[in-house]
Each structure stands twice: as structure tokens, then as C-alpha cells.
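The values are calculated or read from the model by the stated rules, or taken from the named source; none is laboratory data. Source: prediction; values computed, not measured. In this analysis, Cβ positions are derived from the backbone assuming ideal geometry, glycine residues included, and neighbour counts consider all displayed protein chains. Each accessible area value is taken on the protein alone, full model and side chains, heavy atoms only, with ligands, DNA and RNA left out. Shrake-Rupley method; radii C 1.70, N 1.55, O 1.52, S 1.80 Å.
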Amino acid sequence: MTNAHTPSGDAHPYLRAATAGIRHHSRQTARSPAPADRAHLDVLHSHLTGLHLLMDQLAETTRPRHPAAGRHIAAAHLRLWQASTSLHEAFHTLPASESTGADAGCRPDRLPEGPPVLTICQRQLASGHAIRRKTTPADHGPRPARTA
């Protein structure tokens, strides 16, 4: 993979650092492959939900001036949510570690026992709420009067 040349005065140093960290982790994983565990998926889910939020903000600010580019960013936003949903589901299919003793699934009727289960579920709920807010049409008109 070829790295794109970025000028030294780039305005996005934190994004470059995050990208470099992911590339480094990918190389390390390729050298000593091991199956994913819950902690690994939790951190990856955190990255995806962070990107999800960033894409949401970029789509909102880009769309008025550049509608076609904004639609493409919005499509990336939706696909990041789908990817985070898959990671969330994979997280819950892996066995819980002995140290946490947490069970494997999201339980809407009660809160998860604690990190990382509580954290990943909270992130997933927040990103799902954001997607539904963007994709579900809202009724902004006056409500008809009820007749009895």
C-alpha cells in the first residue's frame, strides 16, 4: 500500500496519528496473528464510532456547498454504522473473559455489568440513535385534532 504524501503543515495531525496507529497495529497483527478478543473489538468499535461521528459532522457541513460530495460522505456515515453494528455483534458472540464474568449478550431489560460490555453497548446505542435521527423522517406538521 502506498502512503499518500501529506504536507508537513497538514491541519489534521490527530487523524494522521490515528491512521499511523492503525497501520502499525495492522502490521503487528500480521506478524503474529491471533484471533480477536473482546478487548480488541471494543477498541476497534471505539474507532469506528468516532469515525461515524466525524462523517456525520462532515456530511452536514459539506452537503450545503457540495451536495454530491455530501451524499457520498453520508453514505460512508451509514456504512460505518453498519460496520460498527457488525463489530458489536461479534463482540457479543465471543466468550466473556474470566476476569469480567460478564455474560455474552446485550440485555435491554438490565444494564450490562460494566466495561467493556457497558461501554460498547452505550456507544452502539448512541450511534444507532444518530442514524435513526438522520434517516427517519420526522413529522414536523401540525397534528390533526382528535375526535372522540
Among (1) of a type in the set (Asp, Glu); (2) at pLDDT 90 or above; (3) farther than 26 Å from His12 by Cβ - the single one Glu60 does not satisfy: (3)
Filtering region 107-137 down to residues that are under 30 Å from Ala59 (Cα atoms) and not in a helix (DSSP H, G or I), which residue is modelled with the highest pLDDT? Thr136
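Residues are listed down the side, and each one gets a yes or a no for (1) open to solvent by less than 70 Å² (accessible area, probe 1.4 Å); (2) small (Gly, Ala, Ser):
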{"site": "His12", "(1), (2)": "no, no"}
{"site": "Ala17", "(1), (2)": "yes, yes"}
{"site": "His24", "(1), (2)": "no, no"}
{"site": "Ala30", "(1), (2)": "no, yes"}
{"site": "His45", "(1), (2)": "yes, no"}
{"site": "Pro67", "(1), (2)": "yes, no"}
{"site": "Ala76", "(1), (2)": "yes, yes"}
{"site": "Ala90", "(1), (2)": "yes, yes"}
